[in-house]
1. Stretched out fully, how many nm does the piece from T148 to N193 gain, at 0.36 nm a residue minus the Cα gap?
2. Say R0 is 30 Å: what FRET efficiency, to the nearest 0.05, do S63 and L91 get from their beta-carbon distance?
3. Set the Förster distance to 30 Å, then compute FRET efficiency between I168 and D128 from the Cβ-Cβ distance, nearest 0.05.
4. Based on other C-beta atoms within 10 Å, arrange L102, L135 from fewest to most.
5. Can you compute the charge dipole magnitude of the range 38-186 about its Cα centre, using +1 on each Lys and Arg Cβ and -1 on each Asp and Glu Cβ, nothing else charged? Give it in debye, rounded to the nearest 20.
Amino acid sequence: MKKIVFIALALFTGLTNAAIAATSLSTNGSWQTANGDLSSLLGQSAPATWSYDTDLASATLYSSYTLPSTGTVSTYVSSNYVLSGTAAPTLFDGSQFALSILDNTIANLDAFNTDIVTSMVNKGLNPDITGDAILFTTSTLFPVSEFTESFSLSGLMMFDKDFFTGPISTLPSADILLDNALFIYASLSHEINFEETGFASYIQTPSAVPVPAALWMFAPALLGFLGLRRKVNTQA
């Protein structure tokens, strides 16, 4: 059975008064692959806008660790990192998200899920070459008496090596990310009792738009991009 790595993120409820520059990254694509109980999403619209501050001083460094490739991943949370304009499903609208910076990552060595690696190869990218990445992630959790249900949404942007050079104190604006991205990927997964029951993904070039950031948070979680997805249960 394929396994998935989940890194739960703690709630962050404080607000910041720091002088910050806001930017927003929007997608306007459609789900290109969909299976399991998310099969009906195939071809449906999947817009989402990720609003964030370019100044990392406004965020909290939640975790930082070394990847198998010897690259690093640093995950930040902030009251100003807010997702809006989501569709199919709309339940993420207004949710807080986490932002992770992958410096000197290698997709194959760092066990990116197989769907990402395959998509990279299909786009002419070598998953054995060192590069940098930025990852936007959020999730919802609905515990009930009989089972636990969750949805996770992520957006991944891949760049050339040394697009990020540490120490990183300022994030690029949306237009700079767009100008330099080699590969842009999004995914949605549905789980019941921690077993994946549906998955959808697409590759789409987003566009930068100004969207005001909200100042509250709803339990973000880092989706398992660094790991293999569980086998999808296609039964009803």
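Each value in this text was obtained by applying a stated rule to the coordinates, not by laboratory testing. The shown structure was predicted, so the numbers you read here are calculated from the model rather than taken from an experiment. All Cβ positions, glycine included, derive from the backbone under ideal geometry; neighbour counts span all protein chains shown.
1. Numbers: separation 45, 0.36 × 45 = 16.20 nm, distance 0.49 nm.
Result: 15.7 nm gained on full extension.
2. 0.75
3. 0.80
4. Ascending number of Cβ neighbours within 10 Å: L135, L102.
5. On the way: 2 positive and 14 negative charges, 25 e Å.
Charge dipole of the range 38-186: 120 debye, to the nearest 20.
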